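What follows is one structure encoded as structure tokens, with my remarks underneath.
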């Protein structure tokens with residue numbers, strides 16, 4: 001029987017696994033999930049970087065390694081992937097798609113179906129809607145290899161058969177949370193936009209037990 005967040009267990013604290021928990025957005029996801037009283041496991045390569053994630057269960061391992069992933073996934077209701085990778089002007093990037101393939105395989109093996117993944121504006125049909133500086137300078141010079149891998153990552157997710165949601169934030173900032181989050185579906189006149197990492201974390205966590213964006217790829221922005 002597949003494990004997912006259903007009506008029968010929504011009243012209980014969700015058991016979630018977070019990948020990319022030591023990143024700038026991942027930390028907000030962890031802290032907000034713990035504040036909600038949720039059961040949080042994080043998979044980290046460096047336990048030293050996760051020393052401040054008090055209250056979360058640490059599993060040490062590489063997100064590309066299915067042997068590390070499977071025990072972390074086991075018994076979870078859902079997985080949130082906030083994995084990121086640095087800008088790479090010259091070298092090909094494979095981390096995101098490789099880790100996602102391993103994650104999908106692990107989730108299927110452990111019968112966990114709900115997956116929420118953060119990619120970003122510039123992936124899929126949101127390409128070309130990041131604003132002049134992002135689209136004409138930052139993307140082609142610094143991020144084209146990263147986004148080629150984000151697109152591969154999204155393709156793996158969409159072909160997985162899992163209950164997935166792909167979240168594409170607009171340009172991230174560190175401003176306070178609590179602003180109105182928009183999810184525009186017609187991007188023809190959308191160019192630019194920004195959103196705080198704290199509001200991204202809130203939106204992502206709100207997808208647990210929520211089918212509004214099931215197998216959808218919302219762009220989120222203020």
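In the range 31-43, how many are over 19 Å from residue 110 (Cβ atoms) and either out of contact with any strand residue (DSSP E or B) (no Cβ under 6 Å at 6 or more places or on another chain) or buried (at least 19 other Cβ atoms within 10 Å of the Cβ) (or both)?
Going through the range 31-43, the residues over 19 Å from residue 110 (Cβ atoms) turn out to be 31-37.
Now narrow it down to the ones that are either out of contact with any strand residue (DSSP E or B) (no Cβ under 6 Å at 6 or more places or on another chain) or buried (at least 19 other Cβ atoms within 10 Å of the Cβ) (or both): 31-33, 35-37.
Matching residues across the range 31-43 total 6.
Which members of the range 177-193 meet the condition of being farther than 20 Å from residue 150 by Cα and touching a helix residue (DSSP H, G or I) at 6+ places or on another chain (Cβ under 7 Å)?
Matches in the range 177-193: 177, 179, 181.
Of everything in the range 171-213, what is surrounded by fewer than 17 Cβ atoms within 10 Å (Cβ to Cβ), under 22 Å from residue 19 (Cβ atoms) and touching a strand residue (DSSP E or B) at 6+ places or on another chain (Cβ under 6 Å)? Give them in sequence order.
Result: 177, single match.
Return yes when residue 13 is in contact (Cβ under 8 Å) with a residue 24 or more places away in the chain, assigned to a loop (DSSP other than H, G, I, E, B) and farther than 14 Å from residue 208 by Cα and no when it is not. Steps first, answer last, please.
Details: in contact (Cβ under 8 Å) with a residue 24 or more places away in the chain: yes; assigned to a loop (DSSP other than H, G, I, E, B): yes; farther than 14 Å from residue 208 by Cα: no.
No, not satisfied.
What are the residues in the range 23-38 that are touching a helix residue (DSSP H, G or I) at 6+ places or on another chain (Cβ under 9 Å) and over 19 Å from residue 117 (Cβ atoms), if any?
Across the range 23-38, the qualifying residues are 31, 36.
Of the residues that sit in the range 108-126 and are in a loop (DSSP other than H, G, I, E, B) and more than 18 Å from the chain's Cα centre (by Cα), which one is surrounded by the most Cβ atoms within 10 Å (Cβ to Cβ)?
Only one residue tops the list, namely 110.
Just wondering, is there one or more residues in the range 179-194 that are closer than 24 Å to residue 30 by Cβ and within 14 Å of the chain's Cα centre (by Cα)?
Looking for residues that are closer than 24 Å to residue 30 by Cβ and within 14 Å of the chain's Cα centre (by Cα), one finds none in the range 179-194, hence no.
What about residue 74, is it in contact with a strand residue (DSSP E or B) (Cβ under 6 Å, 6 or more places away or on another chain), more than 30 Å from residue 141 (Cα to Cα) and surrounded by fewer than 21 Cβ atoms within 10 Å (Cβ to Cβ)? Can you show your working first?
Working: in contact with a strand residue (DSSP E or B) (Cβ under 6 Å, 6 or more places away or on another chain): no; more than 30 Å from residue 141 (Cα to Cα): yes; surrounded by fewer than 21 Cβ atoms within 10 Å (Cβ to Cβ): yes.
No; evaluated as a whole, the condition is false for this residue.
Could you name every one of the strands (runs of 3 or more DSSP E) located completely within the range 129-217 that has at least 3 residues being farther than 20 Å from residue 78 by Cα and at pLDDT 95 or above?
171-173, 194-196
The values are calculated or read from the model by the stated rules, or taken from the named source; none is laboratory data. Keep in mind the model is a prediction, meaning the values are calculated, not measured. Because the Cβ atoms are built from the backbone with ideal geometry, glycine has one as well, and the counts that use them run over all protein chains shown.
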